[in-house]
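As C-alpha coordinates, the structure follows; a few thoughts come after it.
The values are calculated or read from the model by the stated rules, or taken from the named source; none is laboratory data. In this text, all values refer to a predicted model and were calculated from it rather than measured experimentally. No Cβ is skipped: glycine too gets one built from the backbone with ideal geometry, and neighbour counts run over all protein chains shown. Note: areas computed on protein heavy atoms with side chains; ligands, DNA, RNA excluded. Shrake-Rupley method; radii C 1.70, N 1.55, O 1.52, S 1.80 Å.
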Amino acid sequence: MRLATWNVNSAKSRLPRLLPWLDERAPDIVCLQETKLSDSDFDATFAGALAERGYAYAHHGEGRWNGVALLSRVGLDDVVRGLPDEPVFAEGGRTGPDARAVTATCGGLRVTSVYVPNGRTPDDPHYGYKLRWLDALRELVLAGDPVTTVVAGDMNIAPTDDDVWDRPAFDGATHVTPDERAALAALQATGLHDVVRDRWPGERVFSYWDYRAGRFHQDQGMRIDLVLAGDGPAARRAAAWVDRKARKGKLPSDHAPVLLDLDEAPDGDIGPMVPPPSSPAPLVRKK
(Lines give C-alpha, C1' and ligand atoms only; values in the text may rest on other atoms or scores of the structure.)
Protein backbone atom coordinates (compact mmCIF):
# COMPACT_ATOMS: atom_id res chain seq x y z
CA MET A 1 0.00 0.00 0.00
CA ARG A 2 1.29 3.43 -0.95
CA LEU A 3 0.40 6.57 1.01
CA ALA A 4 1.28 10.05 -0.18
CA THR A 5 0.88 13.62 0.99
CA TRP A 6 1.09 16.70 -1.22
CA ASN A 7 0.46 20.38 -0.68
CA VAL A 8 -0.76 21.19 -4.18
CA ASN A 9 -1.09 24.96 -3.62
CA SER A 10 -4.43 25.19 -5.47
CA ALA A 11 -5.92 21.91 -6.64
CA LYS A 12 -7.60 23.44 -9.68
CA SER A 13 -4.35 25.10 -10.84
CA ARG A 14 -2.55 21.80 -10.34
CA LEU A 15 -5.17 19.69 -12.12
CA PRO A 16 -3.02 19.10 -15.25
CA ARG A 17 -0.24 17.78 -13.01
CA LEU A 18 -2.19 16.05 -10.24
CA LEU A 19 -4.14 13.59 -12.38
CA PRO A 20 -1.12 12.37 -14.40
CA TRP A 21 0.82 12.09 -11.14
CA LEU A 22 -1.90 9.86 -9.69
CA ASP A 23 -1.64 7.69 -12.80
CA GLU A 24 2.14 7.54 -12.63
CA ARG A 25 2.66 6.90 -8.91
CA ALA A 26 -0.62 5.05 -8.22
CA PRO A 27 -0.90 5.92 -4.52
CA ASP A 28 -3.63 4.10 -2.59
CA ILE A 29 -4.14 6.92 -0.07
CA VAL A 30 -3.49 10.59 -0.82
CA CYS A 31 -3.53 13.51 1.61
CA LEU A 32 -3.87 16.87 -0.15
CA GLN A 33 -3.46 20.32 1.33
CA GLU A 34 -4.14 23.88 0.19
CA THR A 35 -6.79 22.81 -2.27
CA LYS A 36 -8.22 26.37 -2.11
CA LEU A 37 -11.64 25.08 -3.13
CA SER A 38 -15.05 24.84 -1.55
CA ASP A 39 -16.49 21.35 -1.19
CA SER A 40 -18.87 21.93 -4.10
CA ASP A 41 -16.08 23.22 -6.35
CA PHE A 42 -13.88 20.25 -5.48
CA ASP A 43 -16.76 17.93 -6.38
CA ALA A 44 -17.34 19.68 -9.69
CA THR A 45 -13.65 19.61 -10.60
CA PHE A 46 -12.53 16.20 -9.38
CA ALA A 47 -15.45 13.82 -8.72
CA GLY A 48 -15.51 12.25 -12.18
CA ALA A 49 -11.75 11.99 -12.66
CA LEU A 50 -11.22 10.48 -9.22
CA ALA A 51 -14.04 7.97 -9.68
CA GLU A 52 -12.49 6.85 -12.96
CA ARG A 53 -9.30 6.11 -11.03
CA GLY A 54 -11.07 4.23 -8.25
CA TYR A 55 -10.77 6.88 -5.55
CA ALA A 56 -13.34 7.73 -2.94
CA TYR A 57 -12.64 11.09 -1.36
CA ALA A 58 -13.45 13.43 1.47
CA HIS A 59 -12.83 17.15 1.10
CA HIS A 60 -12.95 19.88 3.72
CA GLY A 61 -12.74 23.28 2.09
CA GLU A 62 -13.71 26.89 2.38
CA GLY A 63 -12.99 28.30 -1.05
CA ARG A 64 -10.23 30.81 -1.47
CA TRP A 65 -7.93 29.65 1.33
CA ASN A 66 -6.77 26.42 2.99
CA GLY A 67 -8.65 23.22 2.15
CA VAL A 68 -7.65 19.59 2.71
CA ALA A 69 -8.67 16.29 1.17
CA LEU A 70 -8.27 12.54 1.52
CA LEU A 71 -8.36 10.27 -1.53
CA SER A 72 -8.50 6.51 -1.01
CA ARG A 73 -8.73 3.34 -3.07
CA VAL A 74 -8.69 1.16 0.07
CA GLY A 75 -11.80 2.40 1.85
CA LEU A 76 -12.89 5.72 3.30
CA ASP A 77 -14.86 5.32 6.51
CA ASP A 78 -15.82 7.37 9.56
CA VAL A 79 -14.92 10.71 8.00
CA VAL A 80 -14.39 13.60 10.41
CA ARG A 81 -13.79 17.13 9.20
CA GLY A 82 -11.83 19.41 11.49
CA LEU A 83 -10.50 18.74 15.00
CA PRO A 84 -12.30 18.38 18.33
CA ASP A 85 -12.12 21.67 20.24
CA GLU A 86 -10.38 23.21 17.22
CA PRO A 87 -9.25 26.78 17.89
CA VAL A 88 -10.61 29.62 15.80
CA PHE A 89 -8.47 32.44 14.49
CA ALA A 90 -10.95 35.29 14.62
CA GLU A 91 -9.65 37.54 11.89
CA GLY A 92 -11.73 39.45 9.39
CA GLY A 93 -14.94 38.46 11.12
CA ARG A 94 -14.33 34.70 11.06
CA THR A 95 -16.46 32.82 13.57
CA GLY A 96 -15.59 29.22 12.71
CA PRO A 97 -12.48 27.06 12.26
CA ASP A 98 -10.37 27.03 9.13
CA ALA A 99 -10.50 24.01 6.82
CA ARG A 100 -7.22 22.43 7.92
CA ALA A 101 -7.84 18.78 8.85
CA VAL A 102 -9.83 15.82 7.58
CA THR A 103 -9.66 12.31 9.01
CA ALA A 104 -10.89 8.90 7.83
CA THR A 105 -10.15 5.21 8.18
CA CYS A 106 -8.40 3.95 5.04
CA GLY A 107 -7.01 0.45 4.64
CA GLY A 108 -7.04 -0.15 8.38
CA LEU A 109 -5.23 3.10 9.17
CA ARG A 110 -6.69 6.19 10.80
CA VAL A 111 -5.36 8.88 8.47
CA THR A 112 -5.47 12.64 8.99
CA SER A 113 -4.55 15.11 6.26
CA VAL A 114 -3.40 18.35 7.87
CA TYR A 115 -2.48 21.85 6.83
CA VAL A 116 -0.96 23.36 9.95
CA PRO A 117 -1.28 27.16 10.28
CA ASN A 118 1.74 29.09 9.05
CA GLY A 119 2.17 31.31 12.11
CA ARG A 120 3.31 34.27 9.99
CA THR A 121 5.84 35.74 12.45
CA PRO A 122 6.64 34.82 16.06
CA ASP A 123 5.06 38.04 17.33
CA ASP A 124 1.87 37.69 15.27
CA PRO A 125 -1.37 36.38 16.91
CA HIS A 126 -1.38 33.72 14.18
CA TYR A 127 1.67 32.16 15.84
CA GLY A 128 -0.20 31.54 19.08
CA TYR A 129 -3.08 30.14 17.04
CA LYS A 130 -0.62 27.77 15.35
CA LEU A 131 0.53 26.40 18.71
CA ARG A 132 -3.05 25.98 19.95
CA TRP A 133 -3.97 24.22 16.72
CA LEU A 134 -1.10 21.77 17.16
CA ASP A 135 -2.29 21.06 20.70
CA ALA A 136 -5.74 20.22 19.32
CA LEU A 137 -4.17 17.91 16.72
CA ARG A 138 -2.24 16.14 19.45
CA GLU A 139 -5.48 15.63 21.40
CA LEU A 140 -7.08 14.10 18.31
CA VAL A 141 -4.30 11.51 18.09
CA LEU A 142 -4.45 10.72 21.79
CA ALA A 143 -8.23 10.27 21.65
CA GLY A 144 -7.82 7.56 19.03
CA ASP A 145 -5.38 4.68 18.58
CA PRO A 146 -1.90 6.13 17.97
CA VAL A 147 -0.62 2.70 16.89
CA THR A 148 -2.73 2.74 13.71
CA THR A 149 -2.58 6.51 13.15
CA VAL A 150 -0.99 8.41 10.28
CA VAL A 151 -0.84 12.20 10.35
CA ALA A 152 0.41 13.54 7.04
CA GLY A 153 0.62 16.95 5.49
CA ASP A 154 2.16 20.38 5.52
CA MET A 155 3.29 20.89 9.10
CA ASN A 156 4.80 24.32 8.41
CA ILE A 157 7.61 23.33 10.80
CA ALA A 158 11.12 22.14 9.99
CA PRO A 159 11.79 19.58 12.74
CA THR A 160 15.52 20.33 13.08
CA ASP A 161 18.16 22.67 11.67
CA ASP A 162 19.11 19.90 9.25
CA ASP A 163 15.70 20.34 7.64
CA VAL A 164 16.40 23.83 6.27
CA TRP A 165 18.97 24.84 3.70
CA ASP A 166 20.51 27.61 5.85
CA ARG A 167 19.47 27.98 9.47
CA PRO A 168 20.70 31.59 9.96
CA ALA A 169 18.56 32.66 7.00
CA PHE A 170 15.52 31.92 9.14
CA ASP A 171 16.49 34.01 12.16
CA GLY A 172 13.41 35.80 13.44
CA ALA A 173 11.09 33.71 11.29
CA THR A 174 8.60 30.97 11.98
CA HIS A 175 9.00 27.27 11.09
CA VAL A 176 12.20 26.90 13.14
CA THR A 177 11.36 28.37 16.56
CA PRO A 178 11.75 26.31 19.74
CA ASP A 179 8.05 26.48 20.63
CA GLU A 180 6.95 25.21 17.23
CA ARG A 181 9.44 22.39 17.32
CA ALA A 182 8.40 21.52 20.87
CA ALA A 183 4.76 21.31 19.75
CA LEU A 184 5.74 19.03 16.88
CA ALA A 185 7.82 16.89 19.22
CA ALA A 186 4.84 16.61 21.58
CA LEU A 187 2.72 15.41 18.68
CA GLN A 188 5.33 12.78 17.81
CA ALA A 189 5.55 11.77 21.48
CA THR A 190 2.06 10.29 21.16
CA GLY A 191 3.82 7.44 19.35
CA LEU A 192 4.27 8.78 15.82
CA HIS A 193 7.43 8.26 13.75
CA ASP A 194 8.85 10.66 11.16
CA VAL A 195 9.23 7.93 8.55
CA VAL A 196 11.35 9.85 6.04
CA ARG A 197 13.89 11.04 8.58
CA ASP A 198 13.94 7.63 10.28
CA ARG A 199 14.82 6.06 6.93
CA TRP A 200 17.31 8.76 5.88
CA PRO A 201 18.77 10.10 9.15
CA GLY A 202 21.80 11.84 7.68
CA GLU A 203 20.60 12.89 4.23
CA ARG A 204 19.76 16.30 2.81
CA VAL A 205 15.99 16.03 2.27
CA PHE A 206 13.61 18.87 1.44
CA SER A 207 9.95 18.95 0.39
CA TYR A 208 9.40 22.68 -0.18
CA TRP A 209 11.27 25.25 -2.23
CA ASP A 210 10.16 28.87 -2.53
CA TYR A 211 9.25 29.96 -6.06
CA ARG A 212 11.49 33.01 -5.73
CA ALA A 213 15.22 33.49 -6.22
CA GLY A 214 15.80 30.17 -7.95
CA ARG A 215 15.51 28.30 -4.66
CA PHE A 216 14.52 25.01 -6.26
CA HIS A 217 17.34 24.88 -8.77
CA GLN A 218 19.83 25.74 -6.02
CA ASP A 219 18.24 23.14 -3.72
CA GLN A 220 17.60 25.79 -1.07
CA GLY A 221 14.58 24.26 0.54
CA MET A 222 12.90 23.09 3.71
CA ARG A 223 11.46 19.80 4.92
CA ILE A 224 8.07 20.82 6.27
CA ASP A 225 5.83 18.15 4.67
CA LEU A 226 5.87 15.11 6.92
CA VAL A 227 4.37 11.66 7.22
CA LEU A 228 4.07 10.80 10.92
CA ALA A 229 3.10 7.16 11.39
CA GLY A 230 2.20 5.08 14.42
CA ASP A 231 4.01 1.90 15.39
CA GLY A 232 1.85 -0.24 13.09
CA PRO A 233 2.46 1.47 9.75
CA ALA A 234 5.98 2.56 10.73
CA ALA A 235 6.96 -1.09 11.21
CA ARG A 236 5.61 -1.85 7.74
CA ARG A 237 7.72 0.80 6.01
CA ALA A 238 9.33 -0.53 2.84
CA ALA A 239 10.33 2.88 1.48
CA ALA A 240 9.89 6.54 2.37
CA TRP A 241 10.83 9.26 -0.08
CA VAL A 242 10.16 12.65 -1.64
CA ASP A 243 9.03 12.75 -5.27
CA ARG A 244 11.16 15.68 -6.35
CA LYS A 245 10.24 15.13 -9.99
CA ALA A 246 6.76 16.50 -9.25
CA ARG A 247 8.31 19.87 -8.29
CA LYS A 248 9.89 20.24 -11.72
CA GLY A 249 8.44 21.41 -15.01
CA LYS A 250 5.57 23.74 -15.90
CA LEU A 251 3.27 25.23 -13.24
CA PRO A 252 4.44 23.12 -10.29
CA SER A 253 3.37 23.44 -6.69
CA ASP A 254 6.10 24.82 -4.46
CA HIS A 255 5.89 21.54 -2.52
CA ALA A 256 6.80 18.02 -3.63
CA PRO A 257 4.84 14.90 -2.64
CA VAL A 258 6.12 12.72 0.20
CA LEU A 259 5.46 8.99 -0.11
CA LEU A 260 5.40 6.05 2.27
CA ASP A 261 5.35 2.54 0.84
CA LEU A 262 4.04 -0.13 3.20
CA ASP A 263 4.98 -3.81 3.01
CA GLU A 264 6.49 -3.55 -0.47
CA ALA A 265 8.13 -0.83 -2.52
CA PRO A 266 7.01 -0.91 -6.18
CA ASP A 267 9.84 1.41 -7.20
CA GLY A 268 12.37 -0.15 -4.85
CA ASP A 269 13.79 1.33 -1.67
CA ILE A 270 14.64 4.55 -3.46
CA GLY A 271 15.37 7.94 -2.05
CA PRO A 272 15.52 9.99 -0.13
CA MET A 273 14.57 12.17 -3.11
CA VAL A 274 13.73 11.03 -6.62
CA PRO A 275 15.21 12.19 -8.91
CA PRO A 276 18.28 13.59 -7.12
CA PRO A 277 18.61 17.35 -6.60
CA SER A 278 19.55 19.45 -9.60
CA SER A 279 22.33 21.08 -7.57
CA PRO A 280 23.17 18.54 -4.86
CA ALA A 281 25.03 19.88 -1.87
CA PRO A 282 26.38 18.13 1.22
CA LEU A 283 24.45 18.42 4.44
CA VAL A 284 26.05 21.13 6.56
CA ARG A 285 25.15 21.11 10.20
CA LYS A 286 24.81 24.64 11.56
CA LYS A 287 25.81 25.25 15.13
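Couple of notes before you dig in:
- Rounded, prolate or oblate (a/c below 1.5 giving rounded, otherwise prolate when a/b exceeds b/c) for segment 98-203 by Cα gyration tensor: oblate
- Taking LYS36, LYS12 and ordering them by how much accessible surface each has at a 1.4 Å probe, largest first, produces LYS12, LYS36.
- GLU34, GLU139, ranked by accessible area, largest first (probe 1.4 Å): GLU139, GLU34
- Net lengthening on full extension, ALA49/ALA185 (0.36 nm per residue, minus Cα-Cα): 45.2 nm
- Computed as a quarter of the hull surface, the mean projected area of the alpha carbon convex hull for segment 146-287 stands at 8.6 nm².
- Where only alpha carbons of the chain are counted, the Rg and the Dmax (Å): 17.5, 51
- Contact order for the chain, expressed relative to its length and based on alpha carbon pairs under 8 Å spaced 6+ residues apart, stands at 18 percent.
- Ordering of 218-224, 181-187, 253-259 by burial proxy (mean other Cβ atoms within 10 Å per residue, highest first): 253-259, 218-224, 181-187
- Carbon plus sulfur fraction of accessible area for segment 1-79, probe 1.4 Å, in percent: 47 percent
- Full-extension gain in nm, SER40 to VAL147, via 0.36 nm per residue minus C-alpha separation: 35.1 nm
- R0 of 41 Å, Cβ-Cβ distance TRP65-ASP269: FRET efficiency to nearest 0.05: 0.65
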